[in-house]
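Down below is the structure, laid out as structure tokens.
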Amino acid sequence: MAELDAIGLEILTNALKSINDESFVALMKASYSTNIKERHDHSTAIMNADGDLIAQADMSLPIHVASMSGLMRCVIEKYGDDIHAGDLFVANDPHTAGGTHLPDVNFAAPVFVDGLLVGFVCNIAHHADIGGMAAGSMSGGMTEIFQEGLRIPVTRIGTKDEINQEILDIFLLNARAPTERRGDYYAQIAAAKLGVRRMQELGARYGAKTMRAGFRQLLDRSAARIADALKQVPDGTYNFRDMMDDDGVETFDIVFEVTIVAKGGKLSFDFAGSSPQVPGNVNMTLNATQAAVIYAIKALLDPEAPNTQAVIDCAPITAPEATVCNAVFPAPVAGRAHTCQRVIDVVMGALAPALPDRVPAAPNGANTMAVFSGIDPRNGEAYVYLETIGGGAGGRPTKPGKDGVQTGITNTSNLPVEAIEMEYPLMVLEYGLVPNSGGAGKHPGGRGIRRVVKPVDHACTFNGVGERFRHAPWGLQGGGDGGKGRFGFIGANGDETPLPGKTGDRLVPDGSMALVESPGAGGWGKAE
């Protein structure tokens, strides 16, 4: 098996990066929904023949690492040697197919070179609706996975480069905006086929054996790099505790606690102090917890390290079953992004004494979701506008936190007003930063985002899921807490009606507007 020298390995690494990036852009440009084509809520990756992550597009979302890796484990377990050129696999289910929540639909296609399986190309995209009891499939108040939408087990949807239209029709029948969903599914299929072609072109250059050897070398190099990074944490035991506001059903002040042990250049993470899984849909599966922990490790110790299986496996994680960090069937998990953010917060908080010159104050700590849905009066078709809105970033040891950005495991953009008003029967009356929402400090926290939206010539339904509406983002090293988020309706006379942080489908009153304010962030250091 021919191994590559250092220069050859770097060339292979960049070739894989180019394939991922091209596939990412192709999916973005071919998709129909604003959530993908404008906000870029999708990811691409390349796995080896064992399903290990080799490379992920730089523009991808950290949370998507968990889902794509989970899908590959399930594909290999279910199909084994029954995998052929031209196959295409799809899944989304968190409890049986390695997903983290139902709107994230995964595709994977095998790559054969010289008749040998060398790997897989994968992509994942967040669909604005996957069915279920509420538009957007992420509303608060859901109490079991069946309410959250269509559950897709690991399924071979393509054979010999032909798509099984009957399976795809089942997907579309369960969606509120099937035309948009069809466009997004076709974009994912096209991106997968593009990735396979590019990988085969690479295989024609290197050959199967050299590609396999190169993948192993990439993982070895990545493992050595992340091992060096872990040595930066001084030996010790570090603990931190934080809370989520509520689960949208009956549970408030949900505890997240981590104990981190650093010894001899190795780290371990124990979430045994966290709350039992809750009735509402803020639970998470263990692979989502793992993605959040890995994000925090990389952000603090080696931000430029490539995402590979070596990084995913670099630190053991313990979380008892049936807790919010390791929920079991039939737990609802649609709001797992908020939970991931809290996992990141407690890991960062725990490591603040060990790395005081690196850890920022708490960011907005949310994935503030707003969904507007109804029948578009311009064409009579159903629409679902979903967005997760950024907020403040925590004050840093050397500079203030940024205003109005995505933080943690998300990597999406805020949707431009022009795109909203062009695509949907909605008018954005306000879009700006929330005054005084950044925590005070030597380096103040960033401010949250304020958006006021009014339906145009039709009845509109709003649902939203927010966090840090009850427990403010904490300051660090004497810095002040950040501002909290909030939802509400604003009447024609200007009166405001507050809404819960987990709001199910609510009809926007005639002549009224929906208000969304995301949290700010904590400040770092005492104000001078």
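The values are calculated or read from the model by the stated rules, or taken from the named source; none is laboratory data. Computed from a predicted model, the values in this text were never measured in an experiment. Cβ coordinates were reconstructed from backbone atoms using ideal geometry, including for glycine residues, and neighbour counts include every protein chain displayed. To get the accessible areas, we keep the full protein, side chains included, count just its heavy atoms, and leave off ligands, DNA and RNA. Shrake-Rupley method; radii C 1.70, N 1.55, O 1.52, S 1.80 Å.
If the condition is being of a type outside the set (S, T, N, Q), over 17 Å from the mean Cα position of the chain (by Cα) and open to solvent by less than 60 Å² (accessible area, probe 1.4 Å), then segment 372-392 contributes PHE372, GLY374, ASP376, GLY380, ALA382, TYR383, VAL384, TYR385, GLY392. Taken together, GLN165, GLN188 contain a single residue that is touching a helix residue (DSSP H, G or I) at 6+ places or on another chain (Cβ under 9 Å) and either free of Cβ contacts under 8 Å to residues at least 60 places away in the same chain or under 30 Å from LEU9 (Cα atoms) (or both), which is GLN188.
Kindly establish whether GLY203 is touching a strand residue (DSSP E or B) at 6+ places or on another chain (Cβ under 6 Å) and part of a loop (DSSP other than H, G, I, E, B). When the stated conditions are applied, GLY203 does not pass them.
Restrict the check to segment 122-138 and report whether at least one residue is over 21 Å from the mean Cα position of the chain (by Cα) and open to solvent by less than 10 Å² (accessible area, probe 1.4 Å). Within segment 122-138 (the criterion being over 21 Å from the mean Cα position of the chain (by Cα) and open to solvent by less than 10 Å² (accessible area, probe 1.4 Å)), the answer is no, since none of the residues qualifies.
Being open to solvent by less than 50 Å² (accessible area, probe 1.4 Å), within 26 Å of GLY98 (Cβ to Cβ) and part of a helix (DSSP H, G or I) is not true of ALA315. Being over 30 Å from ASP357 (Cα atoms), outside any loop (DSSP other than H, G, I, E, B) and out of contact with any Pro (no Cβ under 8 Å at 6 or more places or on another chain): is that true of GLY374 here? So GLY374 does not fit the description; no.
Within segment 432-451, is there a residue that is buried (at least 20 other Cβ atoms within 10 Å of the Cβ), in a helix (DSSP H, G or I) and within 26 Å of the chain's Cα centre (by Cα)? No; the residues of segment 432-451 include none that is buried (at least 20 other Cβ atoms within 10 Å of the Cβ), in a helix (DSSP H, G or I) and within 26 Å of the chain's Cα centre (by Cα). Scanning segment 186-207 for residues that are closer than 27 Å to GLU3 by Cα and open to solvent by 50 Å² or more (accessible area, probe 1.4 Å) yields ARG197, ARG198, GLN200, GLU201, ALA204, ARG205.
Exactly one residue out of ALA366, ALA322 is small (Gly, Ala, Ser) and modelled with pLDDT of 95 or more: that is ALA322.
Within segment 257-271, the presence of at least one residue that is in contact with a Pro (Cβ under 6 Å, 6 or more places away or on another chain), farther than 25 Å from PHE215 by Cα and surrounded by fewer than 24 Cβ atoms within 10 Å (Cβ to Cβ) is confirmed.
Anything in segment 113-130 that is more than 13 Å from GLY195 (Cβ to Cβ) and outside any loop (DSSP other than H, G, I, E, B)? List them, or say none. Selection gives VAL113, LEU116, LEU117, ALA125, HIS126.
The conditions of being among the basic types (Lys, Arg) and over 30 Å from LEU116 (Cα atoms) are met by LYS231. Can you pull out every residue in segment 454-474 that is within 25 Å of the chain's Cα centre (by Cα) and either β-branched (Val, Ile, Thr) or open to solvent by less than 20 Å² (accessible area, probe 1.4 Å) (or both)? Those that are within 25 Å of the chain's Cα centre (by Cα) and either β-branched (Val, Ile, Thr) or open to solvent by less than 20 Å² (accessible area, probe 1.4 Å) (or both): THR461, PHE462, ASN463, GLY464, VAL465, GLY466, GLU467, ARG468, PRO473. Listed by position, the helices (runs of 4 or more DSSP H) inside segment 1-105 whose residues that are in the same structural domain as GLY132 (by TED's automatic domain parsing), at pLDDT 95 or above and open to solvent by 30 Å² or more (accessible area, probe 1.4 Å) number at least 2 are 6-30, 64-79. Checking the structure you have, find out if any residue of segment 406-415 is assigned to a loop (DSSP other than H, G, I, E, B), more than 25 Å from GLN290 (Cα to Cα) and in the same structural domain as GLY483 (by TED's automatic domain parsing). Yes, some residue in segment 406-415 is assigned to a loop (DSSP other than H, G, I, E, B), more than 25 Å from GLN290 (Cα to Cα) and in the same structural domain as GLY483 (by TED's automatic domain parsing).
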